[in-house]
Amino acid sequence: MEEQHATLRVLPARRPELHEVPEPGPRPVRVHVVGTDPLARVGLRTLLADHPAIHVTGESPPGPPLARALHATRPRVLVVHGTLPPEDRPAPEAVSVLTVGEAPGAPGAPIHGHLPGTATAGELTSAVVLAAAGYTLVGGGTSGLPPPGPRLSTVSPDELTDRESQVLELLARGLSNAEIAGSLTLSEHTVKTHVQNMLHKLGLRNRVHAAIYAFETGVRGSF
């Protein structure tokens with residue numbers, strides 16, 4: 001079986017110009033976990049719970065419990081194990097839907113993205129942050145969506161120093177410069193310099209482009 005890879009394309013209705021996307025702020029993304037399998041819901045919630053850029057508002061099965069949770073907690077992203085029945089889908093402008101596990105071509109296909117069941121915790125958290133910013137995940141050409149365009153940068157991540165790779169990974173997780181500085185025990189000014197150097201080396205415009213690049217290339221910091 002071929003390994004499934006995830007790439008990204010922009011949601012035109014929400015972000016018409018990439019350079020107009022604001023930098024991610026420090027406010028955590030509100031996430032609700034949905035699925036018919038209680039153990040799967042707990043597993044996804046556990047993977048997301050300790051991430052500083054994500055706040056898990058709860059978990060529930062589809063149907064009336066989900067409707068009540070959406071009304072009470074107002075999440076920004078739904079992480080769905082399996083598929084979400086069409087009748088349970090919220091309005092696209094209200095929340096982004098990211099599914100994990102089943103083939104995205106199945107009934108109730110995702111609105112904003114899909115990750116295979118083999119996705120790592122880092123890929124899942126990055127996908128949540130990017131979905132909240134208005135991007136759609138396209139997995140391996142199997143989703144029935146148009147094929148994604150070329151990558152934003154053809155420069156290998158090997159061109160980055162270990163520290164720049166660490167900064168890139170944390171940036172892709174949605175951390176601000178101050179939060180990256182705290183995580184790596186650096187000054188905020190030093191982090192800003194690393195971000196600028198990293199963007200220059202990779203030929204990227206901004207932090208959102210860097211987050212997409214990190215997701216596409218599977219960057220992992222050496223810490």
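The values are calculated or read from the model by the stated rules, or taken from the named source; none is laboratory data. Source: prediction; values computed, not measured. Don't worry about glycine lacking a Cβ; one is built from the backbone with ideal geometry, like all the others, and counts go over all protein chains shown.
Worth pointing out:
- Filter result for the condition that a residue is among the small types (Gly, Ala, Ser), in contact (Cβ under 8 Å) with a residue 60 or more places away in the chain, in a helix (DSSP H, G or I) and out of contact with any Cys (no Cβ under 9 Å at 6 or more places or on another chain), over Ala67, Ala40: Ala40
- Scanning region 62-82 for residues that are farther than 26 Å from Gly174 by Cα and either among the β-branched types (Val, Ile, Thr) or surrounded by fewer than 15 Cβ atoms within 10 Å (Cβ to Cβ) (or both) yields Gly63, Pro64, Pro65, Ala67, Arg68.
For every residue, the table says whether it meets (1) modelled with pLDDT of 80 or more; (2) under 15 Å from the mean Cα position of the chain (by Cα).
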{"residue": "Val80", "(1), (2)": "yes, yes"}
{"residue": "Pro85", "(1), (2)": "yes, no"}
{"residue": "Val95", "(1), (2)": "yes, yes"}
{"residue": "Pro107", "(1), (2)": "no, no"}
{"residue": "Gly113", "(1), (2)": "yes, yes"}
{"residue": "Val138", "(1), (2)": "no, yes"}
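- Residues in region 26-35 that are touching a residue at least 40 places away in the same chain (Cβ under 8 Å) and either among the charged types (D, E, K, R) or loosely packed, with under 14 Cβ neighbours inside 10 Å (or both): Pro26, Arg30.
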